[in-house]
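Step one of this worksheet: look at the structure below.
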Amino acid sequence: MSIPRLSFIAVVAACLFGASAAAQTPEENALAATRLLSEGHFADLAAQFTPQVASALPVDRLAQTWQGVVAQAGPLRGTGTPRETQQGGLTIVIVPLRFERASLDLVLSYQQGKIAGLFIRPAQAPPHAWTPPAYDDAAAHHDLDVTVGAAPALPATLTLPRVDHKVAAVVLVHGSGPNDRNEAIGPNRPFEDIADGLASRGIAVLRYDKRTKIEPQAFAPTIPFTVREEVIDDARAAVALLRARPEIDPRRIVVIGHSLGATLAPRVAKDDADVAGIVLLAAAARPLADIIVEQSEYLASLDGAPNAQTQAKIDALKATAARADAVKPGDNGAPIMNLPRSYWADLNAYDPAATAATLTIPMLVLQGGRDYQVTARDFDRFRAALAGHANATLILLPRLDHLLIAGDGKSTPAEYTRPGHVDRQVIDDIVAFIAHLPG
């Protein structure tokens, strides 16, 4: 659930900055880096790092990051054809990685022949692979380019219904990882689905590229940061942007969070009078480190009982999670799971369900019954905390996975590589919730 850390599909992701001196093409260099990782030549790869990377990512941490990926996704079975793009003066090379239990991307940024960034994320298909959902009425809305926050401002899209009156509006708050404004994963774009679906029904939607995508260097494991810098400040800035727009009814602004964004939505709304309601999509209510362990155990179980080596890695992960759970404000020391201790201390002091129970605004909690990343155990915690809360609605949708896409049987990471759309029932439930907001 984060960047640089476990992403929202339980993949360890590290944003690094380093160097790679080679007279080959960026694609060749990226494939060579992949081989060094897969063959365990971590020292050889680390030898190419700049001094900054050598300090932020010593060999043992590089090895731990890669081994954490393998522990969850299984052995690397092959690589796909690298894709090259240009972004902000950098050459970005994406190497598709096919593991036994998941498809991931190794993303490397090159500048003047040196590596300017490296991280591992859920596999993403080229943009043209996505098609709009059936519930999208493209004639009913249009998009505007805007920005959210500052230093640097985040590129964003405001999707507005084609109407001549003020409308209710929502801010979409991402799950973990360096997400773009669509929260793209594989061929799926859940935030674009939600934006098009709600705007087709008369509700404006603001979505933005996450700060960890735009400014990854500010979230290195050695930098003390918390979820305030990662998520909360920008979500509140997005609410303020909507309030200032002439097309928006300032009394009907809703924060919709997914995964980590849903976990933090009660905190975003607390003490913010501009938030009229919150929608929690797959919101975790338990400690992050404990959920990471649970996800790893689930993925390992897909192949039957874990062998001794896998079980040893899970046991080691449990010990690491216990250390993360024990971090308190002011604790110093090395990062845990590629996150600074300031991050763990902040989350350890926050109880999402208890915070939600203190709010008086309307709340909608939606949970997929097939979600293995955030499970019904979290949903039950919210249900217990919000019992008797007159403005809280909780709905369990049995066939939906973590991306709120319908399916059958056990959910697996491979499911995220198949095209699908946020279920229409999710759109209907959100529309009905907003329709009943006061004002």
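The values are calculated or read from the model by the stated rules, or taken from the named source; none is laboratory data. Model, not experiment: these values are computed from the prediction. Cβ placement follows ideal geometry from the backbone for every residue including glycine, while neighbour counts extend to all protein chains displayed.
Results, tabulated for the structure shown:
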| quantity | calculated |
| --- | --- |
| Members of region 407-439 found to be surrounded by 13 or more Cβ atoms within 10 Å (Cβ to Cβ), of a type outside the set (D, E) and over 28 Å from M363 (Cα atoms), listed by number | T412, P413, A414, T417, P419 |
| Long-range neighbours under 8 Å by Cβ, at least six apart or interchain, first residue free of Cβ contacts under 8 Å to residues at least 40 places away in the same chain and over 14 Å from A282 (Cβ atoms) within region 172-201, second of a type in the set (G, A, S) and assigned to a strand (DSSP E or B) | R181/A156 |
| Residues (in contact with a Gly (Cβ under 9 Å, 6 or more places away or on another chain) and of a type in the set (D, E, K, R)) located in region 157-184 | E183 |
| Cβ-Cβ under 7 Å pairs, at least 6 apart or on other chains, region 105-124 side closer than 11 Å to I92 by Cβ, far side of a type in the set (K, R) | D105/R121; V107/R121 |
| Residue ID - farthest from T417 (Cα to Cα), chosen from residues in region 59-110 that are in contact with a strand residue (DSSP E or B) (Cβ under 8 Å, 6 or more places away or on another chain), surrounded by fewer than 18 Cβ atoms within 10 Å (Cβ to Cβ) and among the small types (G, A, S) | G89 |
| Residue in region 373-380 that is in contact (Cβ under 8 Å) with a residue 24 or more places away in the chain, more than 25 Å from S200 (Cα to Cα) and of a type in the set (A, V, I, L, M) present | yes |
| Spans of helices (runs of 4 or more DSSP H) in region 171-275 with at least 3 residues modelled with pLDDT under 95 and under 20 Å from F119 (Cα atoms) | 211-214 |
| The one condition in (1) in a loop (DSSP other than H, G, I, E, B); (2) under 22 Å from the mean Cα position of the chain (by Cα) that T355 fails to fulfil | (1) |
| Restricting region 393-409 to residues that are of a type in the set (A, V, I, L, M) and out of contact with any Pro (no Cβ under 9 Å at 6 or more places or on another chain), the residue that is farthest from P187 (Cα to Cα) | L394 |
| Residue count for region 342-352, restricted to those that are under 20 Å from F382 (Cβ atoms), of a type in the set (D, E) and in a helix (DSSP H, G or I) | 0 |
| Those residues of region 238-252 which are closer than 17 Å to A153 by Cβ and of a type in the set (V, I, T), in sequence order | V239 |
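Residue by residue, here is whether (1) surrounded by fewer than 17 Cβ atoms within 10 Å (Cβ to Cβ); (2) farther than 18 Å from A289 by Cβ holds:
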{"position": "A316", "(1), (2)": "yes, no"}
{"position": "K328", "(1), (2)": "yes, no"}
{"position": "L364", "(1), (2)": "no, yes"}
{"position": "G369", "(1), (2)": "yes, yes"}
{"position": "A392", "(1), (2)": "no, yes"}
